[in-house]
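Notes follow once the structure below has been shown.
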Amino acid sequence: MTTYLPKDVTDGLHAARKQDMARKSRLRVEADGRSFAVLRRWQGGFAVDASVVPPLRGLVDLFEGSSPIASCLIIAAEAEDGEMHYEFKRATAMRHSAPLDFQKDDDAPVALIGQ
């Protein structure tokens, strides 16, 4: 039995795998007002489809669905199998509330009870 697959079949399998990963992924990256699907994410970076996404540089925002995850400073690392890998120089987590400008007491009341 042979394990050789023709080049067009192999290319079709790679394209289907990339399309499936982009469809399943809720992650996206926004740069210059445009949004692109993230195929994979790991601790130090992420990967996008090199044929769809233009070369990215500098400050980008990372989203999961519609909620922001982080503001990232990125650099291009390498291209591999049609994917462009980017690494974080800095990734700052987004806050969902404004930072407090005072210190909260540990025994502060949680709510006010009306009369």
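Bear in mind that the values in this text are calculations on the coordinates, not laboratory data. Keep in mind the model is a prediction, meaning the values are calculated, not measured. All Cβ positions, glycine included, derive from the backbone under ideal geometry; neighbour counts span all protein chains shown.
Taking Cα pairs under 8 Å and at least six residues apart, what relative contact order does the range 7-93 come out at, in percent?
Over the range 7-93, the number comes to 22 percent.
Extent of the chain along each principal axis, from alpha carbon coordinates, in Å, largest to smallest?
81, 32, 25
So if I place +1 on the C-beta of Lys and Arg and -1 on the C-beta of Asp and Glu, and nothing else carries charge, what would the dipole magnitude of the range 7-93 be about its Cα centre? I want it in debye, nearest 20.
Value, rounded to 20: 260 debye.
Mind pulling the angle between the C-alpha long axis of helix 7-24 and the longest principal axis of the chain? Nearest 10 degrees, somewhere in 0 to 90.
Between helix and principal axis, roughly 10 degrees.
Multiplying the sequence separation of residue 92 and residue 26 by 0.36 nm and subtracting their Cα-Cα distance, what value in nm do you get?
Stretched out fully, the residue 92 to residue 26 stretch lengthens by 21.8 nm.
For the range 51-115, what's the radius of gyration and Dmax over Cα atoms, in angstrom?
20.0, 68
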